[in-house]
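Notes follow the structure.
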Amino acid sequence: MSSRETILNKLRSARRPFEDAEPRPAAYIPVTEQAAISPDALLERFTLELEQLKGQVFPVEGDDAARDKLLELLVFHDARHILAWDFRHIPVDGLESAIREAGIEITQPDTHTASRADVLARAETAKVGLTGADAAAATTGTLVFTTAPGKGRIPTVLAPVYIVVITLDQILPRIEDWLARERANGLEKLRSAANLCFISGPSRTADIEMQLVLGVHGPGQLQVVVKR
């Protein structure tokens with residue numbers, strides 16, 4: 001039995017706290033509102049919210065336009081080296097080969113090896129992180145990620161520019177809608193994920209004299225390509 005299984009078994013066998021608590025309600029009052037839930041309406045709201053958070057959204061039609069836009073962004077950022085998820089998790093056909101043909105080096109960082117220090121040192125030279133996402137929440141401009149083999153956190157946090165590719169049907173009204181969908185599926189993805197992340201806009205802090213500064217603890221730019 002692994003250490004992880006030992007800990008989980010202890011937690012499962014422990015007496016549940018708050019045994020007299022009321023059962024979970026069948027429905028919750030939404031924290032944010034979105035009356036129109038057509039794909040275009042959700043894209044419009046997602047764009048509005050993310051732009052207010054200093055992010056950018058680029059809607060495109062199909063794989064060809066998505067590849068063109070992504071290559072355009074990489075050239076704009078002068079990216080000769082990028083960090084990326086396994087391209088099975090980025091919803092654009094032929095994207096990996098197109099990036100390599102443009103002469104751009106791709107690193108898919110795996111730190112679960114003996115060469116972890118070398119991997120991290122090399123990753124620090126990348127200008128752009130490129131990933132897909134599990135979902136997006138329109139009312140808060142939030143991107144949702146679960147980590148797994150081939151889709152780790154490093155590309156989402158290390159490079160100064162972070163580019164995400166999603167499809168139009170991945171945009172849901174609220175985070176609660178994504179959680180409800182996962183619960184209906186038995187929370188399988190959440191139970192197997194090493195990490196669950198919510199990203200709303202570029203990294204920011206206002207710790208110093210209450211002045212908002214972007215990019216202190218992570219990417220200073222966030223760009224989202226939405227493929228219809």
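The numbers here are math on the coordinates, done by the rules we state, and not lab data. In this text the structure is predicted, and so the values were computed from the model without any measurement. Backbone-built Cβ (ideal geometry, glycine too); neighbour counts: all protein chains shown.
Can you tally the net charge around Leu143? Count Lys and Arg as +1, Asp and Glu as -1, for every other residue whose Cβ sits under 12 Å from the Cβ of Leu143.
Charge balance near Leu143 sits at -2.
Count charges around Phe46 for me, please; just the other residues with Cβ under 12 Å from its Cβ, Lys/Arg as +1, Asp/Glu as -1.
In short, -2.
Only bridges with both residues in the chain count here: give the DSSP antiparallel percent, nearest 5.
30
Determine, from the Cβ-Cβ distance of Asp93 and Glu22 and an R0 of 35 Å, the FRET efficiency 1/(1 + (r/R0)^6), rounded to the nearest 0.05.
My answer for the efficiency is 0.10.
Can you spot the lysines whose alpha carbon is less than 28 Å from Lys151's alpha carbon? Ignore those fewer than 8 places along the same chain.
Reachable lysines: Lys54, Lys69, Lys127, Lys189, Lys227.
Would you please put 30-43, 150-163, 68-81 in order of how densely packed they are, using the mean number of other Cβ atoms within 10 angstrom per residue and starting with the highest?
150-163, 68-81, 30-43
If you fit an axis through the alpha-carbon atoms of helix 175-184 and take the longest principal axis of the Cα set of the chain, what angle between them do you get, 0 to 90°, nearest 10?
Rounded to the nearest ten degrees, it is 60.
So I have (1) 47, 39, 36; (2) 61, 50, 45; (3) 69, 36, 31, and one of them is Cα extents along the principal axes in Å calculated from this model. Which one is it?
Comparing each candidate, only (2) matches the computed number.
Relative contact order of the chain, please, whole-number percent, based on alpha carbon pairs below 8 angstrom and at least 6 residues apart.
25
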